[in-house]
Structures are given as C-alpha cells and as structure tokens.
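Enquirer: One structure follows; several queries about it will come next.
The values are calculated or read from the model by the stated rules, or taken from the named source; none is laboratory data. For clarity, every value in this text was computed on a predicted model and none was experimentally measured. When we count neighbours, we look across all protein chains shown, and the Cβ atoms used for this are built from the backbone with ideal geometry, even at glycine. Note: accessible area is taken over every heavy atom of the protein model, side chains too, but ligands, DNA and RNA are not part of it. Shrake-Rupley method; radii C 1.70, N 1.55, O 1.52, S 1.80 Å.
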Amino acid sequence: MEAVAQVLANTPSRANSWRNFDFKWVIIGISVLVVSYLALMPLGFLLWQSFFTPQTASTPAVFTFANYIDAYSTVETLKLFFSSVTFASGTALFAFVVGTSLAWMNERTNTPLKSLFFALSIIPLIIPGILFTVAWILLASPKIGILNLLLQSWFGTDYVFFNIYSMWGMIWVDGLHYSSMAFLIMTAAFRSMDPSLEESAMMSGASIGQIAWHITLKLTWPAIFATLLILFIRSIESFEVPALLGLPVGIQVFTSSIYQAIHQYPSKIGLASSYAVTLLAITTVGIYFQSKLSSQGGKYSTVTGKGFRPRRMDLGKWRYLTSGIFILYFGLLVVLPFLVLVWSSLQKFYSVPSMAAVKNLTFDAYTFILTYPTLLSAVGNSLFLAVACATVVMLLTSVICWIVVKTKLPGRWILDNLASLPMVFPGLVLGLAIMIFYLNVNVGVYGTMWIMFIAYVTRFMPYGLRYNTTSMLQIHKELEESAAMSGATWGTNFRRIILPLLKPGLVAGWIYIVIVSIRELSTSILLYSPGTEVISVLIWELWENGQYVELSALGVMFIIALFLLVMLAQFIGKKFGVKED
C-alpha cells in the first residue's frame, strides 16, 4: 500500500496537468492555421482552376491547357497585355509627377497655404474610386459631360473637347486619384531628408531646377522607385476605371477581361483564372522589387544623429503661382467631382447647369435613395464587414507579430511571408480565387455575407501585419520577462501588457482597415449575392441600371458619411494615443 501511495503521489493528477497546460500554444496554433488557410487557399485553387474546364451538374471538370491556349495564343492577348501595361505605366507616371511636384513645393518652398493643403490631403483618399470615376464621366463624357456641353455652347460648335472614354481619359482619372497617395509618400521622403546638400548647392549658385533634378531627386531615389512601383501595382489591379471608361469603347485590361469572362454565359472561370495568373505574376514581381529596395535603402540615408532644420527655398513672386497650382489641383481632385455629383443629385434628369435647370432643382433623388429597398441592408452589411474585418485582422496579426518578433521559433519567417502573401493578390483576383474555392468546397458560406468577410480579412491581413509590426518592435522583451517572473500566464501577459502597448498600432490599423473596407468594390463585385450587397456594390448596380441621378445622391451621402467617419476616427485615434508627428 505504501508503494502504491508513493506512486500516486509522484503521478500528476489530471487537474494539475490541465492547470499546467499552456493555452499559448493553442492560440498560436489556431492563428498559424488560420493565416496559412487564408493565404494559401486562394493561390492553390486559382492555379488549380486555371488547368480545368468548368464543372457543371452534368459535366465533370477535366484537366486541360485550353484555358492558357485560349488566353495567350492570339493577337488579342498581346493587345490586352500592351493596354494593361500602358494604362498602369501611364497612370503611375502621371500620378508620380503630379504628387512629387506638389510634395516638393509643400516641403521645400515657401508656398502660401501649403499647411492648409497638407491638412486637406486626406480628403481625396476618402472618395471611392467608382464615385470619382462617375464624377469625371459626368464632367468629361463626349455626350453628357458638363465641360464639353458648356464649351460647345460658348463656342457654338459640336467639337468634343474632352473624351474621357479613351486610354488618356483612363490615365487621367486613375492618375489624378492616386496622385494624393504619391503626394503623401513623397512628402514623408522629403521630410526625412537632410536639406543641407540642397542649401550648399543653392549657396554655390545652382538654380532651383538644378537642385531639384541633381540633388533632391537623386537623394530620394529609393522613395521614388518604391512610389512608382506602388502606383504601378495599384493601377494594374484597378477595376473601376477600366470597367467604366474602357469597356464601353472596347479598351480592355486584365481586370476588365477577368470580369467579362466571369459574367458571360456560360461563365469561363478557367479562362478568367488564366488571366488572373498573369496579373498575379506581374504584381508579385513588383512587390518583390519593392521589398528588395526597402531592405537596401540605408545607403541613401542622409539623416544622422546631428540635428538639422529644413529651410525653405524662397520662390519670390513664383510662390503665388505654386499656391495657385495647389488650389487648381484640389479643385480638380475634390471640389469639381463633388460639386458635379451634388448638381446631378438635385436634378430630375441629368442636365447641364443653366438658369433653366436651376429652376428644376429637386430632392427627389435623395427621397428615392432613402426609401430604396436594399439601402439599409447595404449600409448594415458595409458597417458589419468593416468593423468585424478590422477587429479580426488586428487581433490575428497581433499574435502573428508576437510570434515573428518576440519568439525564436524555427520557421517564423515563413509565417511572416504567409501573412504578407495576400498583398500580391489584386482585389478582383482574390475575389475570383475565393469564389472558385467555395464553389468547389461546400461549407455553407457561398452566397452568404461570410464569404465576403473571409475575402476582406484575407485582403487586408498584410496591412494589419505592418501596423502591428511597427508597434511590436518598440516593446522590449524585459516587460514580458518581468510579468512571467511574477507568475503571469502567457494569456495574462498578452492581454495586460502586449495589447495595451500595441494600442497605437492597433487603433491606427483598425481605423485604416475600417475605412478601406467600406470603400471596397473589386473584391466584393464577384462575391455578393441578393441580400449581401454593400454600399459600393449598390453604387455599381445603380450605374449599370442607368440611374445616374440616384447614384449621384447616394454618392454625395456616402462621401459625407465617410468624411464624418474619418473625422470620428481621428478623434478616437488621438484619444487612444495615436499621435501624429
């Protein structure tokens, strides 16, 4: 008996074993599985579907190379590739030139009103791409464009002054929209650069143009190249502009070709997948070079431990010209598109501004939208997806960041790459891949809002990872070690120490993902079904139905709501410690 008692005493009880069990590994294991599933599932099924014929109720899928043969064995494919690269390159270059010029004037000159302009620079990012495109159609369409109609009336001619339905029109609209992104990126680059070399050149008699070309641009070369790559990638995956401006006149790029292949009868999913593989390869190469450049940017550093204070170049009388350029740019980017939407929304039928048209102003379009059957459900769906997606993404990536940054687990770099993998997926391609997967794997989410939720979490996971990684790197490991020595479990440590210290990155990332989720169209356009529409899809449907006046009313309310949401988000961010430098 004594021997048995001794054995029992030395054997841990189930209660003690359960108490000693570390739930850290459960949380880590679930997070790793979720990230791996979200990152690899779309890629695997996209590649798989590109080699198979569509499966129907009576015909099984068959392995074939026909999709690639159909996609890449004709002259039309060369035209498609050329038009895609032309559109993306033109957009990137135009946006970069405009954004960089404005950033240089803002940071390196004594232009009046530049502080106000920088404060307003966030507004263009609020306007969804589809609304910005629709606004420019109402402004510069050959038949109904206000600018054309006004000029034709003034000069008594039928000449078409502006044709937005062209390659140049596509580049103008997309480039103008993305120029605000280039402005913000290059502004940060100019701010972080020591201007002493520019000042030395100025003292040596160099002109402003020589200084900008030979010194400023060369010192900011990594930022320039990275900005061009980002703009190229964003442009080549753009959907709204090619669909609204290119398809009506037969100009096709990869994204519009994918959309058409899916929506023709019978649906050619395999052909769309083969187009998507090429688009995926292009974005992958671009992001690879971007990451390589980021890792080698040290040799261009000019900011050291020595203090420096930027000095502004005195433009003299020319500063009023640069101030006028700021005003003109803001008018073209924000004021004019918004005003044309407001004007259109107050009409019974779309018409050019005139005194006769002013007498016919009405709020009927707003009444129609406010009583629209699917409006409330679309608003509810958009808010639910945005808030739920942002919350899940930031919590999931906080665990992933902890594993990558704070542990020495073998292979953790693979996890970092997996969580970043969805970044190479254009929104339309990601929507296609997820659609293919859940068409073939029946788990009850296809045709529901949950498939869009999965797509949103997958699409924005890399952005949450970047926000959390920045904050995680600033948390010293000794804080966790002190808590562990005090008897805190991993869960308590993570909840009471890590998450509170991650708060700036968590809140900033959460705000960003909420805003971009509400605007998202390219991922949603292939996944929504009746009852799961979001606001951006509702705008798309109104456009396809030719309800331009009603669309304008919804667009005006949507932009105002997004603006108020951003103001609220900034207030919340400041309250929770997200500081702006």
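Enquirer: Which entries in LYS79/LYS143; LYS406/LYS503; LYS114/LYS503 show an alpha-carbon gap greater than 22 Å?
Expert: LYS79/LYS143; LYS114/LYS503
Enquirer: Now, a different point. Enter the accessible area per residue of the stretch 231-280 (Å², integer; probe 1.4 Å; all protein chains in place).
Expert: 31 Å²
Enquirer: Please list 83-93, 423-433 highest first by mean number of surrounding beta-carbon atoms within 10 Å per residue.
Expert: Those peptides, ordered most packed to least, come out 423-433, 83-93.
Enquirer: Hey, any idea what Rg/Rh is for the stretch 371-473, computing Rh the Kirkwood way over Cα pairs?
Expert: In the stretch 371-473, Rg relative to Rh is 1.05.
Enquirer: Sorted by mean Cβ packing within 10 Å, highest first, what order do the peptides 507-515, 269-277, 160-168, 181-189 take?
Expert: 269-277, 507-515, 181-189, 160-168
Enquirer: Find the accessible area per residue for the stretch 346-483; the probe is 1.4 Å, ligands and nucleic acids are left out, and the unit is Å².
Expert: Details: 6380 Å² over 138 residues.
I get 46 Å² per residue for this part.
Enquirer: Rounded to whole Hz and in sequence order, give me ³J(HN,Hα) for the stretch 408-417 from the Karplus expression 6.51 cos²θ - 1.76 cosθ + 1.60, θ = phi - 60°, writing x for Gly and Pro.
Expert: Coupling constants for the stretch 408-417: 10, 5, x, x, 5, 5, 5, 5, 4, 5 Hz.
Enquirer: In terms of the Cα gyration tensor, with a ≥ b ≥ c the square roots of its eigenvalues, is the stretch 378-429 rounded because a/c is under 1.5, prolate because a/b exceeds b/c, or oblate?
Expert: It comes out oblate by the Cα gyration axes.
Enquirer: Under 10 °C and 1.306 mPa s, how fast does the stretch 21-154 diffuse according to Stokes-Einstein, given a Kirkwood radius computed over C-alpha pairs? Answer in µm²/s, whole number.
Expert: 73 µm²/s
Enquirer: Sort 438-449, 341-352 by packing, meaning the average of other beta carbons within 10 Å per residue, with the highest value first. Walk me through the numbers before you get to the answer.
Expert: On the way: 438-449: 14.3, 341-352: 18.4.
Most protected by this proxy first, the peptides run 341-352, 438-449.
Enquirer: Per residue, how many Å² of accessible area does the stretch 78-167 show with a 1.4 Å probe?
Expert: I get 41 Å² per residue for the stretch 78-167.
Enquirer: Spelling out what I want: for every residue of the stretch 327-335, take phi, set θ = phi - 60°, compute 6.51 cos²θ - 1.76 cosθ + 1.60 (Karplus), and round to whole Hz; glycine and proline get x.
Expert: Those phi angles translate into 5, 4, 4, 5, x, 5, 8, 10, 5 Hz.
Enquirer: What residues have an amide H closer than 5 Å to that of PHE52, excluding those fewer than 5 places away on the same chain, when H is modeled at 1.01 Å from N in the peptide plane?
Expert: For PHE52, whose amide H was placed from the backbone, the distant partners under 5 Å are THR64.
Enquirer: Using modelled amide H (1.01 Å from N, peptide plane; none on Pro or chain starts), what sits under 5 Å from the amide H of THR109, excluding residues fewer than 5 places away?
Expert: When sequence neighbours closer than 5 places are left aside, the close amide H contacts are MET313.
Enquirer: Still on this model: Within 10 Å of each candidate Cβ there may be at most 14 other Cβ atoms; applying that plus a DSSP loop requirement, which trypsin sites (Lys or Arg not before Pro) in the stretch 361-424 survive?
Expert: LYS408
Enquirer: Just to check I understand the Karplus step: with θ = phi - 60° and J = 6.51 cos²θ - 1.76 cosθ + 1.60, what whole-Hz values come out for the stretch 90-104, glycine and proline as x?
Expert: Values, residue by residue: x, 4, 4, 5, 5, 4, 5, 4, 5, x, 5, 4, 5, 5, 5 Hz.
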